[in-house]
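Report on the structure given below.
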Amino acid sequence: MISKQQCVKLNDGHFIPVLGFGTYAPDEVPKNMATEVTKLAIDAGFRHIDSAYFYQNEEEVGLAIRSKIADGTVKREDIFYTSKLWCTFHQPELVQRSLKSSLKKLQLDYVDLYLIHFPVSMKVGNVHHQLYLTFFIISCT
């Protein structure tokens with residue numbers, strides 16, 4: 001179980017660990033590294049795991065979490081998993097489908113927190129990193 005001293009109590013009574021492990025990696029990093037480093041993070045004591053559709057490594061992160069559950073290191077309720085809705089799925093009819101897709105890739109029953117990744121909607125199909133980075137850089141200058 002997560003120590004309450006290392007968490008913040010949310011308004012619904014649940015707790016969120018104050019320190020999370022982010023799973024984003026550039027395209028040059030092999031996807032299987034996400035599995036290995038997430039397992040190491042859980043072994044090191046991280047209980048908040050942060051990922052997203054945009055990172056394109058949900059299968060690998062899910063595998064790591066399930067592996068650590070299977071070997072008895074943690075229970076599912078010990079992990080606080082955060083995922084994010086990508087900018088091309090902001091349309092109301094796409095939100096639930098996007099979450100279900102992430103859950104299927106993760107092979108988990110639920111996420112603990114589902115955020116809007118970036119508060120600007122984009123056309124469906126524009127998921128490439130370069131487009132995102134170009135948009136972000138232009139909008140910040």
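Across region 66-90, which residue is least open to solvent (accessible area, probe 1.4 Å) among those that are assigned to a helix (DSSP H, G or I) and of a type in the set (A, V, I, L, M, F, W, C)?
Of the residues in region 66-90, the ones assigned to a helix (DSSP H, G or I) are 66-70, 76-78, 87-89.
Pick out the ones that are also of a type in the set (A, V, I, L, M, F, W, C) and you get 69-70, 87, 89.
Working: ILE69: 57, ALA70: 90, CYS87: 1, PHE89: 41 Å².
Selected residue: CYS87.
One residue stands out among those in region 111-136 that are closer than 19 Å to ASN57 by Cβ and at pLDDT 90 or above: the one that is surrounded by the fewest Cβ atoms within 10 Å (Cβ to Cβ), which is LEU115.
Exactly one residue out of LEU63, LEU99, LEU108, LEU94 is in contact (Cβ under 8 Å) with a residue 24 or more places away in the chain and either part of a strand (DSSP E or B) or open to solvent by 40 Å² or more (accessible area, probe 1.4 Å) (or both), and it is LEU63. Residues that are small (Gly, Ala, Ser) and at pLDDT 95 or above were ranked within region 1-44; the one that is farthest from the chain's Cα centre (by Cα) is ALA44.
Within region 12-34, can you find the residues that are under 11 Å from VAL61 (Cβ atoms) and either touching a Gly at 6+ places or on another chain (Cβ under 9 Å) or assigned to a strand (DSSP E or B) (or both)? Of everything in region 12-34, those that are under 11 Å from VAL61 (Cβ atoms) and either touching a Gly at 6+ places or on another chain (Cβ under 9 Å) or assigned to a strand (DSSP E or B) (or both) turn out to be PHE21, GLY22.
The values are calculated or read from the model by the stated rules, or taken from the named source; none is laboratory data. Since we're looking at a predicted model, the values are computed, not measured. A quick note on method: Cβ atoms are made from the backbone with ideal geometry, for glycine too, and the neighbour counts reach across all protein chains shown. These area figures cover heavy atoms from the full protein model, side chains too; ligands, DNA and RNA do not enter into them. Shrake-Rupley method; radii C 1.70, N 1.55, O 1.52, S 1.80 Å.
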